Amino acid sequence: MKQKIMLIAGCSHTAGSEIDGNEDSPYNREASFGGVLAEKMGYKSVNIAEPGSTNSTIARSILQWFSSEYKPDEMEVFVVV
């Protein structure tokens with residue numbers, strides 16, 4: 001059975017910055033919209049969002065993730081941008 005991954009990419013809002021008062025933390029990423037959505041849909045959250053990212057940076061980060069981390073035989077990936 002394939003692992004269900006939700007790849008979450010975006011800027012500081014997507015990363016969940018400042019939810020707990022810190023710019024970035026594991027809790028912020030879990031409590032972000034994408035983290036909550038992944039949990040509710042039964043996916044493992046992989047949040048690659050970076051505060052301050054531009055649209056072109058976000059697009060490149062997604063392409064980089066797929067070229068280095070994606071294993072098509074082992075993963076079902078749902079992407080949230």
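Exactly one condition in (1) in a helix (DSSP H, G or I); (2) closer than 25 Å to K2 by Cβ; (3) modelled with pLDDT of 95 or more is false for R29; which is it?
Unmet for R29, out of (1) in a helix (DSSP H, G or I); (2) closer than 25 Å to K2 by Cβ; (3) modelled with pLDDT of 95 or more: (3).
Can you pull out every residue in segment 1-11 that is under 13 Å from A49 (Cβ atoms) and in contact with an Asp or Glu (Cβ under 8 Å, 6 or more places away or on another chain)?
C11
If you scan segment 5-30, which residues turn out to be within 22 Å of M41 (Cα to Cα) and either open to solvent by 70 Å² or more (accessible area, probe 1.4 Å) or of a type in the set (V, I, T) (or both)?
Matches in segment 5-30: I5, I8, H13, T14, I19, P26, Y27, E30.
Could you list all residues from segment 39-65 that are surrounded by 13 or more Cβ atoms within 10 Å (Cβ to Cβ), in a helix (DSSP H, G or I) and not polar (S, T, N, Q)?
Scanning segment 39-65 gives E39, I58, A59, R60, I62, W65.
The values are calculated or read from the model by the stated rules, or taken from the named source; none is laboratory data. Quick caveat, the model's predicted, so the values are computed rather than measured. With ideal geometry, Cβ positions are generated from the backbone for all residues, glycine too; neighbour counts draw on all protein chains shown. Note: areas computed on protein heavy atoms with side chains; ligands, DNA, RNA excluded. Shrake-Rupley method; radii C 1.70, N 1.55, O 1.52, S 1.80 Å.
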